[in-house]
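Input: a single structure, listed below in structure tokens.
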Amino acid sequence: MSVRLPAPPKFTEPISDPESDPETSDDDQAWDDWVSDSNGRQECKSLFDDKVLLSAEDALEYDKKTHNFGLDETCMKLSLDFHGRVRLINYIRKNVGHFSTSLLFSFNHDLENELGGCTQSSRLRALVYLDEYLVPAIENDPLIQSYSADWSDSEEGSNDADPVHKIKVLEKKLATARQSLAEYRALIAKKLNIAKDLETLDSTQEAAAARDDDTHYFESYGANDIHAVMIQDKVRTSTYAHFILTNPALFRDAIVLDVGCGTGILSLFAARAGAKRVIAVDASNIAEKAEKIVKVNGFENVITVVRGKIENISLPQGIDKVDVIISEWMGYALLYESMLDSVLVARDRFLRPGGVMAPSQCKMMLGLCDGSEIYKDRIGFWEDVYGLDLSAMAQELYDEAIVDVVGPEALLSKPYAVKDLILSDITSRELDFSASFNLVSTVERRTKVHSFVLYFDTFFTASGLPVPPSTEVKCIKDGEVTLAELWPVGGKPAHQRRQSMGREKEKIISFSTGPHSLPTHWKQTIFMLREPFMISEESIVVGSFRCRKSETNSRELDVEIHYSVQEDESADPSETIVQMYTVR
């Protein structure tokens, strides 16, 4: 699905990459920065009748006086972001014809006086927040373009430096938001007479709550083939081995937890590096084979294999905390399969204060991609099959991300970090995110962009601390020797280099899954565009990247990419295109 939104204003200065500007963050860019003052006074229709006012401000004031409904106040009470506001506006406009005459939205009065607590909030949220309501009910709706973020973050107070005060303010905001949200949704359920829809949605949600997203996932890791693919991935396996076996000061006499151990290969590396105890955990039946592998290699007195989910297991008797957690949790587009959530549970339950996560950091990198070869193979192919048009077969390919390999020549921009995950402190909640991006063209002539490409870079540090922003990721080239120093000829132990002391001299080990490095089993994640666009040497593509767990399967991802194209810094930007994808 793709949606067109009004164009953002012209950018006179490119957005700085958060890696190069540590003072910026994903949330720094407000919608106010996107709204052009040139909108002026544009006629605007009321939300609830056919009255046309001279401007959006006049329409809002009219609705407040005539229908006792304040749009900005309602958005503030519900803590809606811009897209929540858009959905609410379009929801009202598309359904106003079905409202009863008694409705006419006396929301403000009703919110305060009529309704108490409500149990319908989660059900109504799904109705009002469907993605179909991103599609404007009125083209170039002034109410959408007149968005102001004044109501979203206005209660910081004068004691921002006082942590206790900030906590109290946030707790008050949370309680108020929950109460207002419940009351508001109950009001809509009552006023719109949508009880039947809510009942249907409720039964669907109850079924969804009982669904099992884990069984198939764990069963898939019980087969041999998937482990062969991962172990034969030289970039992946050699980098883990290199980090573990060249950091004796970290692993010698340490207690190590291997989350999602699979065959136990990382546990074996840790045991070989001198770990005192290794607890290898896996919920699939591969754990049975891992036990045999451990015994065959003579590490049964060091490595204990535990079968079960990390959320439910207990550590062996006498062990409460571990010094190091190792895990190869990454999936396609980094977050597919949602294994990181389990790794963070392990961190919070079992890692001692000052313990180390390996890897310690991952960055999700976005770029512009030629994608023409993938288009020909996956989409264009269907346009002419023995002289017949089968293009209907290709339509759904625009709604699902494609996992494939593209070469370095296909990358048409500088990559941009849309998410920087610091494993020592990130939370599961932060894995659903939205981030702005600024992609600067690297082409030398006019070129068509068929897709965005997403990949990730992974970093290991013995301290577990984030890498300096200027750190370049290691790109392994085809034919490069990566394992020689770990397993010398003759099977003798590798020479252990003396570890440098001090943060400034810390050795950083890393690998990339991007187009400039040797392909990995993760490949790259390609987001094909329904409407390819042209760029030139000075083109800039700005927008936002939104990622969240799928509502139908928590192991899958839903992605929205909002983008607008500027031919150069002095040119006006194009309208904003929104395209939605599933990573499965």
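Computed quantities for the displayed model
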item: Residue in the range 301-318 that is open to solvent by 80 Å² or more (accessible area, probe 1.4 Å) and assigned to a helix (DSSP H, G or I) present; result: no
item: Members of the range 241-273 that are polar (S, T, N, Q) and open to solvent by 10 Å² or more (accessible area, probe 1.4 Å); result: THR246, ASN247, THR263
item: Leading residue by the ranking (nearest to ASP213 (Cα to Cα)) among those in the range 319-357 that are in a loop (DSSP other than H, G, I, E, B) and open to solvent by 40 Å² or more (accessible area, probe 1.4 Å); result: TYR336
item: Filtered residues of the range 555-576 (kept if over 12 Å from the mean Cα position of the chain (by Cα) and either charged (D, E, K, R) or surrounded by fewer than 20 Cβ atoms within 10 Å (Cβ to Cβ) (or both)); result: ARG555, GLU567, ASP568, GLU569, SER570, ALA571, ASP572, SER574, GLU575, THR576
item: Members of the range 274-300 that are open to solvent by 30 Å² or more (accessible area, probe 1.4 Å), touching a Gly at 6+ places or on another chain (Cβ under 8 Å) and among the β-branched types (Val, Ile, Thr); result: ILE293
item: Residue ID - nearest to ASP282 (Cα to Cα), chosen from residues in the range 227-237 that are in contact with a His (Cβ under 9 Å, 6 or more places away or on another chain) and open to solvent by 50 Å² or more (accessible area, probe 1.4 Å); result: VAL229
item: Test: residue in the range 293-302 that is in contact (Cβ under 8 Å) with a residue 24 or more places away in the chain and of a type in the set (Gly, Ala, Ser); result: no
item: Check on SER338, in contact (Cβ under 8 Å) with a residue 40 or more places away in the chain and in contact with a strand residue (DSSP E or B) (Cβ under 7 Å, 6 or more places away or on another chain); result: yes
item: Close pairs from the range 310-332: first free of Cβ contacts under 8 Å to residues at least 24 places away in the same chain, partner of a type in the set (D, E, K, R), Cβ under 8 Å, at least 6 apart; result: none
item: Those residues of the range 266-287 which are over 18 Å from SER220 (Cα atoms) and not small (Gly, Ala, Ser), in sequence order; result: LEU266, LEU268, PHE269, ARG272, LYS276, ARG277, VAL278, ILE279
item: The range 46-70 residues that are on the phi > 0 side of the Ramachandran plot, paired with ones that are surrounded by 14 or more Cβ atoms within 10 Å (Cβ to Cβ) and not hydrophobic (A, V, I, L, M, F, W, C) (beta carbon under 9 Å, 6 or more apart); result: ASN68/SER106; ASN68/ASN108; ASN68/ASP110
item: Residue that is nearest to LEU134 (Cα to Cα), among those in the range 551-565 that are among the polar types (S, T, N, Q) and modelled with pLDDT under 95; result: THR552
item: Pairs where the first residue, in the range 258-274, is farther than 13 Å from PHE243 by Cβ and the second is acidic (Asp, Glu) and part of a helix (DSSP H, G or I), C-beta under 9 Å, 6+ apart; result: GLY264/GLU291
item: Any hit, the range 472-479, residues being at pLDDT below 95 and either of a type in the set (A, V, I, L, M) or open to solvent by less than 20 Å² (accessible area, probe 1.4 Å) (or both); result: yes
item: Strands (runs of 3 or more DSSP E) enclosed by the range 399-455 - at least 1 residues per element that are open to solvent by less than 30 Å² (accessible area, probe 1.4 Å) and of a type in the set (Lys, Arg); result: 416-422
item: Test for PHE243: is it aromatic (Phe, Trp, Tyr), over 30 Å from SER554 (Cα atoms) and in contact with a helix residue (DSSP H, G or I) (Cβ under 6 Å, 6 or more places away or on another chain); result: no
item: Subset of the range 66-81 that is within 28 Å of PHE433 (Cβ to Cβ) and part of a loop (DSSP other than H, G, I, E, B) - its residue that is modelled with the lowest pLDDT; result: SER79
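Quick grid of which residues meet (1) within 19 Å of ALA435 (Cβ to Cβ); (2) open to solvent by 20 Å² or more (accessible area, probe 1.4 Å); (3) modelled with pLDDT of 95 or more:
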| site | (1), (2), (3) |
| --- | --- |
| PRO515 | no, no, yes |
| PRO519 | no, yes, yes |
| PHE527 | yes, no, yes |
| MET534 | no, yes, yes |
| ARG548 | yes, yes, yes |
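The values are calculated or read from the model by the stated rules, or taken from the named source; none is laboratory data. Every value quoted in this text rests on a predicted model; they were computed, and no experiment measured them. Here the Cβ is made from the backbone with ideal geometry for all residues, glycine too, and neighbour counts use every protein chain on show. Just the protein is used for accessible areas: all its heavy atoms, side chains included, with ligands, DNA and RNA removed. Shrake-Rupley method; radii C 1.70, N 1.55, O 1.52, S 1.80 Å.
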